[in-house]
Each structure stands twice: as structure tokens, then as C-alpha cells.
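J.: Dumping the structure here so I can ask a few things about it.
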Amino acid sequence: MSGTARILVVEDDPAVAELVSLYLRNAGYTVTHASTAAGARSLLAEARPALVVLDLGLPDMDGRALFAEIRKRSDTPVLALTARAEEKVEGLEAGMDDYVTKPFDPRELVARCRAVLRRSTGLPGGGRVLQVGDVRMDPARHQVFVAERAVQLRAKEFELLEAFMRQPGIVLSRDKLLEQVWGFAFPGETRTVDVHVKQLRDKLDPTTARIETVWGVGYKLVGPEEHA
Ligand code: CA
């Protein structure tokens, strides 16, 4: 994955959103902003952020319900913002990655974001284990298992599978996969994606997680409960 990490800031208070975005941009992150849960939902699929900074008091939905929705679809780390300190334990118990209580020092928020990102993707041993059906991936150790059998993947096959496993059930276009895995938009080379998908299917067979072809669009990885 190339480029700077993208952070999605979900915050309805324009002053707070502006301040947070400014500090995160100055720290070198790419920032996308949504002021409602509905806006966040579409940006999550489109922008594929590395981290979500989530205000728990949103106008159209409880932030915790949105968090539960995010967690159902992906393992994207979430740092919560709230006005109420007592929500902290509850949030951490629900599986949020970190928590900042308003009012906060934006520099502290940036430091926390950096720490969460480092834990989730950066350092050896820091990546979370991903699981779809009986396929399990440990990104930090660069290992893939089907049931308990280790599967050897080449570098690009691994990155392609990682892109699918971080977004299970989401249709990914060939261009999007090229950009995410090969690091650039190269529309003429989409056959490269097809070839690698075929290799992945061969190597992962038999498994309960399938890479399904969505005709005219691309591919998606689905677990056993979602087979077409
Ligand atoms: Ca709010």
C-alpha cells in the first residue's frame, strides 16, 4: 500500500472537524471528512481509510451503532471522540482502538492516531489477524492459513488477498485493485488482476471463502454465509 495513510474524520461540529483535519494534514495524512453517519458510510467504501476518527455524537445515528457497522464490514481501526469521559470504558470494551475526550489537545489526537496506525499496520507483530470463512491471514507475519494448513503466496498474491480480506463482501473493481496492490492506476493492465485472482483461487482451494466474479465490475471476497 503506497502513499500517505488516509484518515476519515466523522464529526458534525464544523469547528472540531476543521481543527482535527488541519492537524492531521499537517502531520502528513490524507484526510477525508464526513459530517453524518450516512456520509461516512459511503466514504468508507469509496475512500478505504486506514483509520476512522469517529465522533460518537452524530446527528443522524449513534456513533456506537456506526462503529458496530464498521466492525461488521472491516477491521479498520477506529478512534472515538466524545464529550463524555464515562463512555470511554464502554467504547474500549466494544473494541474501539482508542478514545479521546473533548475538549482535547489536537497534538495529542495526532499522536494517538499515529500510535493506532502503527499498531494496526506498521510494525512487525502489530497487524491484526484477518479472517474470512476458514481463511486466516496474519499480515504482520506474512502468513496465510486455510483451516490450519499454511498456504504459500507470492508477494502480489498476498497483497491482493489482503486487499480482499480487509474489505470482505465489498465489490472491488480491477482498476481499484491495480491501484491498491500494484500502487498505481494502470487501466490497460487489468488482465494482471485476473491472472493473480486465478492463482489465488487455485492456491486457496478448497476454502469456504470465495473470490466471486461480479461481471462487468470486478471481484469480491465472500464468506460461507454470503455465497451467491
Ligand atoms: Ca457531535
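J.: Would you tally the residues in region 156-185 being touching a Lys or Arg at 6+ places or on another chain (Cβ under 8 Å), closer than 18 Å to residue 146 by Cα and either part of a helix (DSSP H, G or I) or free of Cβ contacts under 8 Å to residues at least 40 places away in the same chain (or both)?
T.: Residues in region 156-185 being touching a Lys or Arg at 6+ places or on another chain (Cβ under 8 Å), closer than 18 Å to residue 146 by Cα and either part of a helix (DSSP H, G or I) or free of Cβ contacts under 8 Å to residues at least 40 places away in the same chain (or both): 2 in total.
J.: Kindly evaluate residue 197 against the criterion of being modelled with pLDDT of 90 or more, of a type in the set (A, V, I, L, M) and farther than 21 Å from residue 152 by Cα. Spell out how you get there, then give the answer.
T.: Numbers: modelled with pLDDT of 90 or more: yes; of a type in the set (A, V, I, L, M): yes; farther than 21 Å from residue 152 by Cα: no.
The answer is no for residue 197.
J.: Are any residues in region 38-76 within 13 Å of the ligand (Cβ to nearest atom), among the hydrophobic types (A, V, I, L, M, F, W, C) and surrounded by 20 or more Cβ atoms within 10 Å (Cβ to Cβ), and if so, which ones?
T.: 40, 53, 54, 56, 58, 66
J.: Something else now. Would you mind stating whether residue 83 is touching a residue at least 12 places away in the same chain (Cβ under 8 Å), within 15 Å of the ligand (Cβ to nearest atom) and within 14 Å of the chain's Cα centre (by Cα)?
T.: Details: touching a residue at least 12 places away in the same chain (Cβ under 8 Å): yes; within 15 Å of the ligand (Cβ to nearest atom): yes; within 14 Å of the chain's Cα centre (by Cα): no.
It is false that residue 83 is touching a residue at least 12 places away in the same chain (Cβ under 8 Å), within 15 Å of the ligand (Cβ to nearest atom) and within 14 Å of the chain's Cα centre (by Cα).
J.: How many residues, within region 1-37, are within 16 Å of the ligand (Cβ to nearest atom) and either assigned to a loop (DSSP other than H, G, I, E, B) or of a type in the set (D, E, K, R) (or both)?
T.: Start the filter on region 1-37 by keeping residues that are within 16 Å of the ligand (Cβ to nearest atom), which leaves 8-21, 33-37.
From the residues that got through so far, the ones that are either assigned to a loop (DSSP other than H, G, I, E, B) or of a type in the set (D, E, K, R) (or both) too are 11-13, 18, 35-36.
Adding up the residues that qualify gives 6.
J.: Go through region 42-63 and give me each residue that's in a helix (DSSP H, G or I) and either acidic (Asp, Glu) or more than 23 Å from residue 19 (Cβ to Cβ) (or both). Talk me through it step by step, then tell me what you get.
T.: Residues of region 42-63 in a helix (DSSP H, G or I): 42-47, 63.
42, 45, 46, listed by residue number.
The values are calculated or read from the model by the stated rules, or taken from the named source; none is laboratory data. On a predicted model such as this, the values are computed, not experimentally measured, just so you know. Note that we place each Cβ from the backbone using ideal geometry, even for glycine, and neighbour counts take in every protein chain shown.
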